[in-house]
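Below is one structure, written out as structure tokens, with a few remarks after it.
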Amino acid sequence: SFLQLAVPAALLGAFGALVFNQWSGGAPAALAETSNPAAFVCASPTVVDGDTLRCGATRIRLQGIDAPETDGNCRAGRECAPGDPVASTDNLRRLVSGGTMTCVKTDTDRYGRTVALCEANGVSLSCEQVRAGHAIRRYAPLTC
């Protein structure tokens, strides 16, 4: 996967620390840092919509895609992604369910969100949203 190239073995150490923390009775970490300052692990991501998630207080915008906006959220004059926003959100929720999400931060957008390439259960979230027809490629390069 793309993260095998972008995320060093230190991610395994971060994941191990996260698992140990939970196993040892410590408070679960929502966002675990790695030795790669751009890489992070999220144990319990929360889906906001088809291209945005939360990891604790960190808002994450998936790089390279645009998903359909929920009713009333497409600003006047903007060409919003076509499709069903509920189906897009549900698909992303399915993709991250039951697994740890790993991400590599690539940017910060104008709304202060972390822009990142993320995967869960060995699947690129951006690529799978596009492949399934729940998002379009937009804003940044995406190699699938």
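The values are calculated or read from the model by the stated rules, or taken from the named source; none is laboratory data. In this text, all values refer to a predicted model and were calculated from it rather than measured experimentally. For neighbour counting, all protein chains shown are included, and Cβ atoms are generated from backbone atoms with ideal geometry for every residue, glycine included. We work out accessible area using only protein heavy atoms, side chains counted, and drop any ligands, DNA or RNA first. Shrake-Rupley method; radii C 1.70, N 1.55, O 1.52, S 1.80 Å.
The Cβ shell under 14 Å around residue 110 holds other residues with a net charge of +3, Lys and Arg each +1, Asp and Glu each -1. Shown is the FRET efficiency for residue 38 and residue 121, computed with R0 = 30 Å from the Cβ-Cβ distance and rounded to the nearest 0.05: 0.90.
Length gained on full extension, residue 87 to residue 48: 12.8 nm, using 0.36 nm per residue less the C-alpha separation. 3J(HN,Hα) along segment 101-107: 9, 10, 9, 10, 5, 10, 5 Hz, from the Karplus curve 6.51 cos²θ - 1.76 cosθ + 1.60 with θ = phi - 60°, whole Hz, x for Gly and Pro. What segment 70-135 shows is 53 Å² of accessible area per residue, with the surface traced by a 1.4 Å probe over protein heavy atoms. Counting only protein heavy atoms and using a 1.4 Å probe, what share of the accessible area of segment 38-141 belongs to carbon plus sulfur, as a whole percent? For segment 38-141, the apolar C and S fraction of the accessible surface comes to 49 percent. The length gained on full extension between residue 138 and residue 76, counted as 0.36 nm times the residue separation minus their Cα-Cα distance, comes to 20.5 nm.
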